[in-house]
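Written out below as structure tokens is the structure these notes cover.
The values are calculated or read from the model by the stated rules, or taken from the named source; none is laboratory data. Just so we're clear, the structure is a prediction, and the values are computed from it rather than from any experiment. Quick reminder, even Gly has a Cβ in these numbers, built from the backbone with ideal geometry, and neighbours come from all protein chains shown. With ligands, DNA and RNA removed, areas are computed over all heavy atoms of the protein, side chains included. Shrake-Rupley method; radii C 1.70, N 1.55, O 1.52, S 1.80 Å.
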Amino acid sequence: NSVIYLQVFNAETAELLSHHQVELKQEFPREGWVEQDPMEILNSVYECVEKTCEKMNELNINIANIRAIGVTNQRETTVVWDKTTGEPLYNAIVWLDLRTQSTVERLLKRIPGKNKTFSKFKTGLPLSTYFSAVKLRWLLDNVEEIKKAVEDGRALFGTIDSWLIWSLTGGKNGGIHCTDVTNASRTMLFNIHSLEWDPDLCKFFDIPMEILPTVRSSSEIYGVMDSGALTGVPISGCLGDQHAALVGQMCFKDGQAKNTYGTGCFLLCNTGQKSVFSEHGLITTIAYKMGRDNPAFYALEGSVAIAGAVVRWLRDNLGIAKTAEEVEKLAEDVGTSYGCYFVPAFSGLYAPYWEPNCPDWVFSLFNSIICGLTQFTNKNHIAFAALEAVLFYTQRILDAMNKDCGIPLNQLQVDGGMTNNKILMQLQSDILCIPVVKPSMTETTALGAAMAAGAAKVLKFGINPEVKTFFEYRYARWKKAVMKSMGWESSGGPANGDSSIFSSLPFSIFVMGSMLMLIGAKYLSG
């Protein structure tokens, strides 16, 4: 599940004054499909507004002092709605959704050499199920109601920010259909240099440009709240969630970076007013544009699809714990994975494994694996391996980022729910061999959106070498586990569909590998 948050900040001190949150349901109609109800999202926002204002009144804080509203959202999640009725025409397809793999494969056949990075220098992105264009293409191909609405001129497309801003500013009665440059840069339809929708890309994906929102800066007045306790208050800030966290962490200088540990894990490094194109599998994105007359700033990004979600999987699917905190306690109690390695690729692996020199099957045939199991392995070891996987994946991305930027990061600023685990963050620092800095203000994503909104309204506003060697060894072993996850199932497998480990790995290698892992674990623990 995901959550709608509303937080109110003091514009002078950045103090959190009041907040409310509502948990949202996620729907999984089929394996690999992830959806949410756009109306539930909208109604949850209205509920958060009313409840937060009630709390402020109880605290004797005058809600008339709320001068600006910022919006931040999960990026790439795709919605199409009817502008005449104000109703969504289908559930929102969430960023993690994998149903569009066949759409990606079909589009690839139209690209010379099946080059997934054909649009890299326009969009900064590889062709992937991750981004909005292929989700929108799937909707146009598979939902008759949407096809008919497009033909009739009734359909509007947007990411969640667009849906909310349109609805909150009047909806079918004059709502503003817009998005900001950061969210637009995640669609695969937006030219990150001209800062406009790209006609050639829209033609390639066969998407009518008239359904696209107007692209605005991240900090300007888009419209005003049309109803509720905050009627008349301008909506004047909009940033994708990871960009908002970059702003909230004050990463305004070239080379400053932050990592957010949420459902996924997202490492962004500010590259200033120049777009840096990765040679190591990262993506290029717009970091922010603070005002229509101000320049756009860019970032390199490494995205991990599964981070906090792996803890929920251990809790909800395996049932090894009742809470996320209990999973962390299991890992803490054992202090090692005892040679166990986890590659959580439930939604595939994102950066850097979509780099050009990866074979095509890497993109569709990454499967999650847990390997190195012995008769001594228990749930504590699996919990530790799951958390360690997030940390190792972060190192993999940081390695790529250091190569692309040329100057290694000397510290990493962090935020997100998983950073509450102090032992996890200490392990991350040990693995990376640099300080990990957590801000005292934990709500950095919401703060970033508030800062963007306020700006539009002009409101006053020495490493232990032994530790390093140990983690280098384990990191190398985890990378080998990643390679094992590639092509776990392939079209060239046994005709009878036998999916046992012996059908994909020679028995002698399997036995020898397990023995080596056990010996290595005993050596390290001894």
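Assuming a ≥ b ≥ c are the square roots of the Cα gyration tensor eigenvalues, decide whether the range 204-287 counts as rounded (a/c under 1.5), prolate (otherwise, with a/b larger than b/c) or oblate.
On the way: a/c = 2.14, a/b = 1.39, b/c = 1.54.
It is oblate, given that a/c is not under 1.5 and a/b is not larger than b/c.
Quick one: what are the phi-derived ³J(HN,Hα) couplings along the range 139-147, Karplus 6.51/-1.76/1.60 with θ = phi - 60°, whole Hz, x for glycine and proline?
In residue order, the calculated couplings are 4, 5, 7, 10, 10, 4, 4, 6, 4 Hz.
Please compute the Cα-Cα pair-distance distribution of the range 124-270 with 10 Å bins starting at 0, giving whole percents from short to long.
Over the range 124-270, the share of Cα pairs per 10 Å bin runs 10, 35, 35, 18, 2 percent.
Nothing charged except the Cβ atoms of Lys and Arg (+1) and of Asp and Glu (-1): what's the magnitude of the dipole of the range 2-216 about its Cα centre? Round to the nearest 20 debye.
Working: 24 positive and 29 negative charges, 196 e Å.
So the magnitude is around 940 debye.
Kindly list the residues of the range 128-159 that lie in the label zone of ASP200, defined by a backbone N under 19 Å from the point 7 Å along the Cα-to-C-beta vector.
From the range 128-159, the list is 128, 133-134.
Could you list the square roots of 5 times each eigenvalue of the Cα gyration tensor of the range 2-216, that is, the equivalent ellipsoid semi-axes, sorted largest first and rounded to whole Å? Each step should come with its number before you reach the end.
Values: eigenvalues 222, 68, 56 Å².
Value: 33, 18, 17 Å, ordered largest first.
Given a 1.4 Å probe and every protein chain left where it sits, what share in percent of the accessible area of the range 206-342 is carbon and sulfur? Mind showing how you got there, number by number?
Details: 2290 of 4690 Å².
With neighbouring chains kept in place, the figure for the range 206-342 is 49 percent.
Positive end of the dipole of the range 229-295, charges at C-beta (+1 Lys, Arg; -1 Asp, Glu), about the Cα centre: which of CYS265, PHE277, ILE235 has its Cα farthest in that direction?
Selected residue: ILE235.
Exceeding 30 Å between C-alpha atoms, which entries from my cross-link table qualify? They are LYS120/LYS289; LYS147/LYS172; LYS116/LYS172.
Distance filter (> 30 Å) returns LYS116/LYS172.
What order do MET188, MET39 take when sorted by accessible area (1.4 Å probe), most exposed first? Walk me through the numbers before you get to the answer.
Numbers: MET188 0, MET39 50 Å².
Accessible-area ranking of MET188, MET39, largest first: MET39, MET188.
Just to verify a number: FRET efficiency for ILE423 and LEU318, C-beta to C-beta distance, R0 = 22 Å, to 0.05? Intermediate values should be presented prior to the final figure.
On the way: r = 21 Å, r/R0 = 0.96.
Rounded to the nearest 0.05, the efficiency is 0.55.
Once you charge only the Cβ atoms, +1 for Lys and Arg and -1 for Asp and Glu, what is the size of the charge dipole of the range 269-328 about its Cα centre, to the nearest 20 debye? Intermediate values should be presented prior to the final figure.
On the way: 6 positive and 7 negative charges, 47 e Å.
Rounded to the nearest 20 debye, it is 220 debye.
Would you mind working out the magnitude of the charge dipole of the range 122-276 relative to its Cα centre, with +1 at each Lys and Arg C-beta and -1 at each Asp and Glu C-beta, to the nearest 20 Debye? Walk me through the numbers on the way to the answer.
On the way: 13 positive and 16 negative charges, 75 e Å.
Dipole about the Cα centre, nearest 20: 360 debye.
Considering the options PHE384, ILE434, ILE397, tell which one lies farthest towards the positive end of the dipole of the range 373-440, charges being +1 on Lys and Arg and -1 on Asp and Glu at the Cβ, about the Cα centre.
Of the candidates, PHE384 comes out farthest on the positive side.
Pop a pseudo-label 7 angstrom from the Cα along the beta-carbon direction at both ASN57 and SER102 and give the gap in nm to one decimal.
In this crude spin-label approximation the distance works out to 5.3 nm.
Give the peptides 167-175, 280-288 in descending order of average Cβ contacts within 10 Å, highest first.
Working: 167-175: 17.7, 280-288: 24.8.
The peptides rank, most packed first, as 280-288, 167-175.
Rolling a 1.4 Å sphere over the protein heavy atoms, what is the accessible area per residue of the range 1-133, to the nearest Å²?
Details: 6190 Å² over 133 residues.
In whole numbers, the range 1-133 has 47 Å² accessible per residue.
For GLY272, enumerate residues with amide H under 5 Å from its amide H, sequence gap 5+ or separate chain, H modeled in the peptide plane.
For GLY272, whose amide H was placed from the backbone, the distant partners under 5 Å are GLY255, TYR298.
Determine which lysines satisfy two conditions relative to LYS122: a Cα distance under 16 Å, and not lying fewer than 8 residues away in the same chain.
Output for LYS122: LYS203, LYS274.
Summarise the accessible area of the range 64-116 (1.4 Å probe, protein heavy atoms) by the percent that is carbon and sulfur.
Details: 1040 of 2150 Å².
Of the solvent-accessible surface of the range 64-116, carbon and sulfur hold 49 percent.
Can you give me the long-range amide H partners of GLY281? Hydrogens built in the peptide plane at 1.01 Å from N, cutoff under 5 Å, separation of 5 or more residues or another chain.
Long-range HN contacts for GLY281: none found.
What is the distance in Å between the Cα centroid of the range 119-156 and that of the range 392-433?
34 Å
Cross-link partners among lysines for LYS322, C-alpha distance below 24 Å, same-chain residues fewer than 8 apart left out?
Hits, sequence-local ones excluded: LYS25, LYS379, LYS422.
The range 1-104: D in µm²/s via Stokes-Einstein (Kirkwood Rh, Cα pairs, 25 °C, 0.890 mPa s)?
On the way: Rh = 15.8 Å.
It comes out at roughly 155 µm²/s.
Which of GLN21, VAL143, LEU42 sits farthest toward the positive end of the charge dipole of the range 2-216, with +1 on the Cβ of Lys and Arg and -1 on the Cβ of Asp and Glu?
VAL143
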